[in-house]
1. If you average the alpha carbon positions of the stretch 217-260 and of the stretch 46-87, how far apart do those two centres end up, in angstrom?
2. Over all directions, the average projected area of the alpha-carbon convex hull for the stretch 73-146 comes to how many nm²?
3. Summarise the long-distance tail of P(r) for the stretch 118-192 by giving the % of C-alpha pairs beyond 17 Å.
4. Place the peptides 198-208, 224-234 in order of packing, highest mean first, counting for every residue the other Cβ atoms within 10 Å and averaging per peptide.
5. Please rank 298, 127, 110, fewest neighbouring Cβ atoms within 10 Å first, as an exposure proxy.
6. State the percent of C-alpha pairs, over all pairs in the stretch 33-183, separated by a distance greater than 24 angstrom.
7. List the pair-distance distribution P(r) of the stretch 192-329, using every Cα-Cα distance, as the percent of pairs falling in each 10 Å bin from 0 up to the bin containing the longest distance, rounded to whole percents.
8. So how do 129-135, 286-292 stack up, highest first, on mean other-Cβ count within 10 Å?
């Protein structure tokens with residue numbers, strides 16, 4: 001069983017029906033031992049040290065070996081950019097994608113790292129969903145940067161510490177963070193435009209400026225099977241049915257082309273487990289590459305059939321048309 005990251009406070013209830021429905025009812029949140037407990041997280045002064053030396057794995061993306069802290073750590077938040085990247089700047093509210101290693105200052109005991117899991121972690125940054133030291137220390141940094149942090153207890157897990165990680169309420173935490181990517185409300189697919197030459201299928205816009213693409217539905221009859229075609233083909237990993245995805249999307253009705261749901265309109269990226277969405281999304285997105293924009297046409301039997309979501313513009317036996325940008329695996 002994959003070990004859950006100690007750093008994160010991730011919502012337990014993800015989207016269940018392709019982003020449709022009432023946000024309050026679809027997203028249930030839960031607390032665990034890693035959830036910051038303060039309603040207003042404390043803020044600390046940021047200083048540039050002291051910080052322990054990295055003795056091995058000094059390149060970006062390599063698992064680092066970090067020395068034990070020397071002497072007394074700062075009572076402030078120590079942050080130093082070890083490798084300055086030239087990518088996009090991390091903004092408050094973005095989903096940050098990163099590899100990291102965390103250990104305790106006094107003992108150099110490693111309590112968590114993503115390098116061994118071979119998959120970078122993705123989480124919202126700057127909005128109280130991770131420990132305060134991360135929220136304050138990583139916003140404003142750039143993609144492809146390596147950042148080292150020494151986080152005092154009040155900006156970590158507080159006086160209670162974290163029993164799961166063997167962290168006491170007096171422990172200063174040391175992290176090395178490699179910023180792999182950052183995704184916000186203006187993120188789009190990246191790749192090569194694919195041919196859209198079937199006149200009997202909807203045509204999707206190829207703009208990558210973060211604005212919702214156009215989605216033009218033809219006058220012809222709707223297909224009886226799920227259609228899933230690249231609009232923009234990315235070069236990332238192929239999506240598996242067990243994956244959790246971070247996406248931008250827009251949905252319209254085949255019957256009249258009217259929009260019924262959109263992450264662009266809400267200003268929030270969608271995160272969901274493929275196992276928990278309508279069958280048409282599972283069929284349409286499995287096997288597609290991360291970074292792509294995909295046209296997905298969902299006939300009624302693979303959507304909501306005769307049981308559309310309450311208070312939704314979707315009627316019984318509606319064929320649904322989606323543009324989906326697969327931004328990242330979570």
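Please treat every number below as a calculation from the coordinates, not as lab data. Treat the numbers as computed from the prediction; the structure is a model and nothing was measured. Cβ sites come from the backbone with ideal geometry, for glycine too, and all protein chains shown count toward neighbours.
1. 43
2. Taking a quarter of the hull surface, the average projection is 5.4 nm².
3. Counting every Cα pair in the stretch 118-192, those more than 17 Å apart make up 53 percent.
4. 224-234, 198-208
5. 127, 110, 298
6. Percentage above 24 Å: 23.
7. Using 10 Å bins, I get a P(r) of 13, 47, 36, 5 for the stretch 192-329.
8. Order by mean packing, descending: 129-135, 286-292.
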